[in-house]
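Notes follow the structure.
The values are calculated or read from the model by the stated rules, or taken from the named source; none is laboratory data. As the structure is a prediction and not an experimental result, all values here were calculated from the model. Using ideal geometry, Cβ is built from the backbone for each residue, glycine included, and neighbour counts are taken over all protein chains shown.
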Amino acid sequence: MSENPRDVTIIGSGPAGLTAAVYTSRANLSPLLIEGVEAGGQLMLTTEVENYPGFIDGIMGPELMERMRKQAARFGTEYLTDNVTAVDFSKQPFEIRTSSETVSSKTVIISTGASAKMLGVPGEKELLGHGVSTCATCDGFFFKEQELLVIGGGDSALEEAIFLTKFASKVTVVHRRDALRASKIMQDRAIANEKVDFVWDSVLTEIFGNGKVAGARLKNVKTGAESEIAAGGVFVAVGHTPNTSLFEGQLDLSGGYIVTEGEDTQTSVPGVFAAGDVVDFRYRQAITAAGMGCMAAIDAERYLESLH
């Protein structure tokens, strides 16, 4: 481990982490960004991003992340392509262990994101980005006048379904029980929407299609009967898991998400900041993650100034 601790170490390389890197490197803080072996976050799974400001014709998710990465590198961000295995926030400077080395740092910005929960059925992984999606606000626009399936029964599933009716000719919500978990107001909205249909007591067993989604196979959990339903897209809306297992017992968490103090990005440990989907369970957009990455960078810079 180096004798001199770093000013800033960023864990995670999605829009939040890379924006934090742009801001901290421009502030001459020489950040180290530990990008993980699977770098780039959820945007690496998104084919086209059309709602990120500044890209009139849209941009591919991986290309957007590559541009952010090069921009941060231009100002002096150093990258470590490795996975963090443990952290110690109990003493200053903080310690971050990866599989190859131990880094000490005066501040840490956590931007490890969240992972959409998947169902693990045949065809789901193969057709992800080709009709299988975990984000209606990201991808709904590409499904004009198509029949779509939404899998799930909570608020987020119904939000996705209602949003998709702006584009789709019909949206069928598939739920494994005979009653929804969603709040009453969301249920009322979905049931009142003439484009939304429901398949009850059913689970998705397979998504099929040749290069893009053509339909899905469903199984009724009460009768065991199997059926096929044609669809141009399948939206999996069974929740997200924030990538915070590393920080259990080190930081205050709520429902797995990192708790930040008041209006800023400060966590329960002074000098440790968090940004993006690891904190944000409400918006979960690339642009909001980038905005929080900027906030975390400014918060870290001000914290370092307060040490002098």
### Message
If residue 125 satisfies all but one of (1) surrounded by fewer than 19 Cβ atoms within 10 Å (Cβ to Cβ); (2) at positive phi, what's the number of the condition it fails?
### Response
(2)
### Message
For the range 104-126, which positions are touching a Phe, Trp or Tyr at 6+ places or on another chain (Cβ under 9 Å) and either part of a strand (DSSP E or B) or of a type outside the set (S, T, N, Q) (or both)?
### Response
104, 105, 106, 107, 108, 109, 110, 114, 122, 123
### Query
Identify, please: which residue in the range 1-39 is of a type in the set (D, E, K, R) and not in a helix (DSSP H, G or I) and is, among those, surrounded by the most Cβ atoms within 10 Å (Cβ to Cβ)?
35
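Within the range 266-308, can you find the residues that are of a type in the set (A, V, I, L, M, F, W, C) and surrounded by fewer than 19 Cβ atoms within 10 Å (Cβ to Cβ)?
269, 281, 287, 294, 298, 304, 307, listed by residue number.
For (1) at positive phi; (2) without any contact (Cβ under 8 Å) to a residue 24 or more places away in the chain; (3) among the aromatic types (Phe, Trp, Tyr), each residue gets a yes or a no:
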{"position": "239", "(1), (2), (3)": "yes, no, no"}
{"position": "256", "(1), (2), (3)": "yes, yes, no"}
{"position": "274", "(1), (2), (3)": "no, no, no"}
{"position": "278", "(1), (2), (3)": "no, no, no"}
{"position": "295", "(1), (2), (3)": "no, no, no"}
{"position": "308", "(1), (2), (3)": "no, yes, no"}
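Can you tell which of 71, 92, 42 is surrounded by fewer than 20 Cβ atoms within 10 Å (Cβ to Cβ), polar (S, T, N, Q), part of a helix (DSSP H, G or I) and in the same structural domain as residue 292 (by TED's automatic domain parsing)?
71
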### Residue within the range 103-110 that is outside the structural domain of residue 294 (by TED's automatic domain parsing) and in contact with a strand residue (DSSP E or B) (Cβ under 9 Å, 6 or more places away or on another chain) present
no
### Message
What's the total number of residues in the range 58-68 that are in a helix (DSSP H, G or I), of a type in the set (A, V, I, L, M) and either over 15 Å from residue 290 (Cα atoms) or in contact with a Gly (Cβ under 8 Å, 6 or more places away or on another chain) (or both)?
### Response
1
### Task
Could you tell me whether any residue of the range 127-144 is in contact with a helix residue (DSSP H, G or I) (Cβ under 8 Å, 6 or more places away or on another chain), farther than 23 Å from residue 204 by Cα, modelled with pLDDT under 95 and not in a strand (DSSP E or B)?
no
### Message
Looking at 269, 234, 238 in this structure, which one is under 24 Å from residue 129 (Cα atoms), at pLDDT 95 or above and not small (Gly, Ala, Ser)?
### Response
234
#### Entry: Unique match (being among the hydroxyl-bearing types (Ser, Thr, Tyr), surrounded by 14 or more Cβ atoms within 10 Å (Cβ to Cβ) and under 17 Å from the mean Cα position of the chain (by Cα)) among 52, 79
52
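Would you tally the residues in the range 192-217 being surrounded by 14 or more Cβ atoms within 10 Å (Cβ to Cβ) and closer than 21 Å to residue 162 by Cβ?
Number of matching residues: 11.
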### Task
List the strands (runs of 3 or more DSSP E) that sit entirely inside the range 183-283 and contain at least 1 residues that are small (Gly, Ala, Ser).
202-208, 215-220, 226-230, 233-236, 272-274
### Query
Before we move on, is residue 11 closer than 20 Å to residue 288 by Cα, of a type in the set (A, V, I, L, M, F, W, C) and over 18 Å from the mean Cα position of the chain (by Cα)?
no
### Message
If residue 63 meets every condition in (1) in contact with a helix residue (DSSP H, G or I) (Cβ under 7 Å, 6 or more places away or on another chain); (2) free of Cβ contacts under 8 Å to residues at least 24 places away in the same chain; (3) not β-branched (Val, Ile, Thr) apart from one, which number is that one?
### Response
(1)
